[in-house]
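The values are calculated or read from the model by the stated rules, or taken from the named source; none is laboratory data. Quick caveat, the model's predicted, so the values are computed rather than measured. Cβ atoms come from the backbone with ideal geometry, glycine included; neighbour counts cover every protein chain shown. Ligands, DNA and RNA are stripped out before the accessible areas are found, and what is left, the full protein with its side chains, is counted by its heavy atoms. Shrake-Rupley method; radii C 1.70, N 1.55, O 1.52, S 1.80 Å.
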Amino acid sequence: MNQAVQIFSRVPGFSKIMALPRPLQLGIAAAVIALVAVAAMWARKPDYSVLFSNLDDRDGGAIVNALTQLNIPYQFSDNGTAILVPQAQVPEARMQLASQGLPKAGNVGFELLDQSRFGASQFTEQVTYQRALEGELANSIQALHAVQEARVHLAIPRETLFVRDRQEPTASVLLSLYPGRSLGEDQVSAITWLVSSSVPNLNAQNVSVVDQNGRLLTMPAGEGGMNSQQQNLVNDIEHRSVQRILTLLNPILGPGNVRAQVSADMDFAKREETSEIYRPNQRPGEAAVRSEQSSTSINNNSLPAEGVPGALSNQPPVDPVAPIITPEAPADANTTATATQQDPQQNSLRNLNEQAREVSATGNARRDVTTNYEVDRTISHIKGPNGQLKRLSVAVVVNYRLDQGELVALDENELENIRELVKQAVGFSVDRGDSISVVNSRFSDVPDTSVPFWKNNDYLELGMSLIKYLLLAVLFFVFWRIVVNPIIQGFIQASAQADARRAEQEQDLERQQLAQDRATEINRYEDNLSTARSMAEQDPRAVAMVLRSWMSKENKDEKRG
């Protein structure tokens, strides 16, 4: 015990602790022991790391149950959105949970088909495939930057052999967006096309997209109406036409002296046309021969006539006529030569007929010719463009011209030149039925070229920007003076007071130390006096001898001096 006290006495401040009352010493000892125990426990506690974060309730409960079965300790983060395990066991825990299919990431996909059951009905297989397809589409949509969660519902009708009973599939998508984010029209269109392209026979117009607030993001087109994309196309055509007109006329007439409006009539109807046309019989030489069959029989040494006498058996066969339409007789020799060159089939037939006549003069001759021509047929399939400009209406109003301080109307030649420029700018078409109207009229609000700077839009925008930054600076200054500066001053004053208090305590300690040293000296002097008195009372002879030796020593010192 004494050795422990000696060891701890070397610690600075231990003497002050020992000077405290006994109960206070016991409290300090208990606090020290508690601190040592907490430090030891903290040193033995393993470092926890994030296993999974941002899990839904179903995945979180399944993971907690799996960790309990695997005897892996776990903790939850402060906000409860992450599961923590010892850092050394994170890889092992993730591998073991992955073998159990955890986490499932909210939406199930085609992994449902990996658990197919033997003997499942066709309806069950169809429902499982539809669930898997919905989950895959939801996971694909959640990959978008602004989408937090997505759900997809598909309505796929059963296929039938009857065309009249067939129904088109439909789909609906429910989106949960991150706070402060939104989807543009292009992104909504991309989602609809993604879903429609993933389901057979699904049209993009049959896909509805709704956000978490119940707002319909895909605006359906009514009967004869236009959707947002078609309306944007019309507005873009009209805006670009107006800009072309102003770009041409502003340098000529001056800024603010031209007003233009364009109305575009668009046709977004889908048209498909299939026609099959048969032309009448072609002229000779234009038809394509499909097949030709000829048969020739010549007998020079003919036997005497035999058989039943009569007119039919004694007459030669009639000359065959091949063309369907008999060609017109040529007007002259040149026309005949031209017709002969244009109809080689007819020439060959005529030559064969002449040879048959020559042979018939000396014997028998027979020639049969069968020619099949192709039937003329034209099949055309025409699909009109989706979004065709039907008609363009342009209205332009031109201000009077300023001539020697007076406003003067434009003459007819100038108006005609302006009208031609407008036609060229908008792509005027007579066949389309476009109309252009150019009117010269005096504007009631003639813009002043010398606009004051406080009315200039550029200066106004610059002034608004400066006012905005100035307000931000004032707010920051007020916040600094009211909130930040008092806090900093409070910290400074508290630190100064703590320093002053510490200095006073040090001064008090120094005074106490000086007083204690003085009291110690006084007590030692008095102790010496009391010791000398007691020794003089007990042994006066010894005291006298000591005094005599002191006195003799002083005398020797004085003599030497």
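Quick notes on this one:
- Using the Karplus relation 6.51 cos²θ - 1.76 cosθ + 1.60 with θ = phi - 60°, the per-residue 3J(HN,Hα) values for the stretch 175-192 come to 10, 10, 8, 5, x, x, 10, 8, 10, x, 5, 5, 5, 5, 4, 5, 5, 5 Hz, with x marking Gly and Pro.
- Highest to lowest packing among 474-483, 89-98, scored as the average C-beta count within 10 Å: 89-98, 474-483
- Ranking Glu506, Glu168 from most to least accessible surface, computed with a 1.4 Å probe over the protein chains only, gives Glu168, Glu506.
- Sorted peptide list for 516-522, 128-134, criterion being average Cβ within 10 angstrom, highest first: 128-134, 516-522
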